[in-house]
Structures are given as structure tokens and as C-alpha cells.
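Chemist: Right, I'll just put the structure down here and ask away after.
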Amino acid sequence: MKLKLLSAVIGLASFSVLANAQSSTYQGEVFAGYGETDDALDSSAYAVGGAFYFSPVNTKNHPLAEAAFLEKSSNIYALVGSQTNDLFDVDFQSVGAEFYIPNSIFYAGLGVTRAKADGGSWDSQWNASLGVTPIDGLLVWTSFYEDVDYSDYINLNAKYVMSLGGEQALNIEGSFADADGGEEFGIAADYYIDRNLSIGAAYSYVNADEDIKDFTVRARQFFTNSLSFDLSYTFGDQDDSWGIGASYRF
């Protein structure tokens, strides 16, 4: 349950899209996202949050959505939201930080997520990540979760952003987990037509009590260097869902 809730929080955070008006740098960003799932419980969720970077992020010669990643920008972030259905509501809060160790290839992340169901008390879980950036544009990492033995959730994740010439670029993401009770696999790609616009797709597979496959299509548009919107639609073996998001950089 905790891992599923944490995944939902991270998914909502990924709704964010950001940029800075007429400047080639930014240091803060705020975002909001909303989504619904077409299931028997009429589920919906929203999240709002923000991030602050320790140094200004240079967007020059980068896809706007990938500037902080490509610049290895350390940051702190916070997120609040709620997940609602016909049976219960769950409120959640998340805070954390990402650190790219200066003059090295090492990366570290640390976060805490709190959740509370109807009439219940807050339940918290910390998470941590350790990774390396062996070449420009590539991050490989693994994550750890409170009260979950690493041997029960061995995982490896990667993200690589490559230039295709001019303003075009390609983002590739992959993940694998050998979880207690099954295996999890995911792959995603976003094609940047230019610095402002991307279209992408994702595929996930969970081999647990039953095989679960999901497909996602998504798009993201920066209308200025500050303001952007995105949308996604997921369909698969279980329920269909959609999400929209917006963000602003300053």
C-alpha cells in the first residue's frame, strides 16, 4: 500500500511542466496536476507543489522540460494533494531534496511522504535514492523505502536525454524491480520536436498475481519560457485514466 501510494504521488508530480518567461535561467517553479481514473469507484486525484533550485538553472541549448536534469541542478521540493473515490479519501504530503555532488558523478535523493485516510492518523514513510551520472545526460539510480527490505524490492532506474541535432532531442527512461511477489518493468520515451514541445509514450508491466500491462501517451507544451501545460492518457489491462497539469517557473 505504501509503495503504491508513493508511486501515485510521484506520478502526480510528473504532471508538472515549467519555464521562465524571457529569461534563459530560472530558480523556482510551482505546478499543479489533476487526474481521473475510469473505475468502479470514480477515482480522482490532484496535487500542487513547488521546487527551489540551489543555483539558477540555465535553459540555453536544452529542451525546456529537461534543463534542470541536464544541468544537474540540486533542489528541494514539496507536494500536497488528495486522492478521492466513492469509498474513502486519502490526503498526502511529500517533501524532499535531490543532490548532485559537485565535481563528481554521484547523485543522492531523500524524501518523506505522509498520508492520511478518512478519520485516520498520518502515516509517514521515508525514501532515498543513490545514483551515478557516468556521462552527460545519463542518470542511473536505485531507491530504498522505509520498512521495505531492499532484497524484497531490488530496483534499477535510468534516464538518458540525448541531442538529435538542432532543437530536437530524445528522452529515454527505463525501470526494473524484482519485487516480493512479482517483477515490475517500465520504459518511456519523449521526442522533443523543438525546445518547447514534446510527444511521448510509456509502457509498464507488472507480473504479480496476474499480468498487468499499461500504455500511456503524453504531450507537453511550453507556451513561453515560464508557462507550460501537459496531458496524458493511460489505458491497459485494468482501468483507463487521464491527467492534466500546468506549471510556472520564475
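The numbers here are math on the coordinates, done by the rules we state, and not lab data. Predicted model only: the values in this text are computed from it and were never measured. FYI the Cβ positions are ideal-geometry reconstructions off the backbone, even for glycines, and counts take in every protein chain you see.
Chemist: Can you compute the charge dipole magnitude of the chain about its Cα centre, using +1 on each Lys and Arg Cβ and -1 on each Asp and Glu Cβ, nothing else charged? Give it in debye, rounded to the nearest 20.
Modeler: Here the size comes out at about 1460 debye.
Chemist: Estimate the FRET efficiency between Phe215 and Glu36 by the formula 1/(1 + (r/R0)^6), using the beta-carbon distance for r and 22 Å for R0, to the nearest 0.05.
Modeler: It comes to 0.80.
Chemist: Exposed loop GluC sites (Glu not before Pro) only (DSSP loop, at most 16 other Cβ atoms within 10 Å): please give the longest stretch of the chain free of them, not including the sites.
Modeler: With a cap of 16 other Cβ atoms within 10 Å, the longest stretch comes to 1-145.
Chemist: Relative to the longest principal Cα axis of the chain, at what angle does helix 2-13 sit, 0 to 90 degrees, rounded to 10?
Modeler: 30
Chemist: For region 45-141, state which trypsin sites (Lys or Arg not before Pro) are in a DSSP loop and have at most 10 other beta carbons lying within 10 Å of their beta carbon.
Modeler: Lys60
Chemist: Further, regarding this structure: Could you give the spread of the C-alpha atoms of region 85-135 along their three principal axes, from largest to smallest, in whole angstroms?
Modeler: Taking max minus min along each principal axis of the Cα atoms, region 85-135 gives 49, 19, 11 Å.
Chemist: Follow-up. Just to be sure I follow the rule: in the chain, considering lysines 8 or more places apart or on different chains, how many pairs have Cα atoms under 19 Å apart?
Modeler: So the count works out to 5.
Chemist: When only C-alpha pairs under 8 Å and at least 6 residues apart count, what is the relative contact order of the chain, in percent?
Modeler: 21
Chemist: Using a ≥ b ≥ c from the Cα gyration tensor of region 110-177 (square roots of the eigenvalues), is it rounded, prolate or oblate, where a/c under 1.5 gives rounded and otherwise the larger of a/b and b/c decides, a/b for prolate?
Modeler: prolate
Chemist: Based on the alpha-carbon gyration tensor of the chain, what equivalent-ellipsoid semi-axes (square roots of 5 times the eigenvalues) come out, in whole Å, largest first?
Modeler: Semi-axis lengths for the chain are 28, 21, 19 Å.
Chemist: Tell me what the chain gives for mean residue ellipticity at 222 nm when only DSSP H runs of n ≥ 4 count, each as -39,500 (n - 2.57), the sum divided by the residue total, rounded to 500 deg cm²/dmol.
Modeler: The helix-only estimate for the chain comes to -1500 deg cm²/dmol at 222 nm.
Chemist: Here's another thing I want to ask about it. Which loop chymotrypsin sites (Phe, Trp or Tyr not before Pro) in region 102-160, with loop taken from DSSP, have no more than 15 other Cβ atoms within 10 angstrom of their Cβ?
Modeler: Trp122
Chemist: Tally Lys/Arg at +1 and Asp/Glu at -1 over every other residue whose Cβ is under 11 Å from the Cβ of Phe31; what's the total?
Modeler: Every neighbour counted, the sum reads -1.
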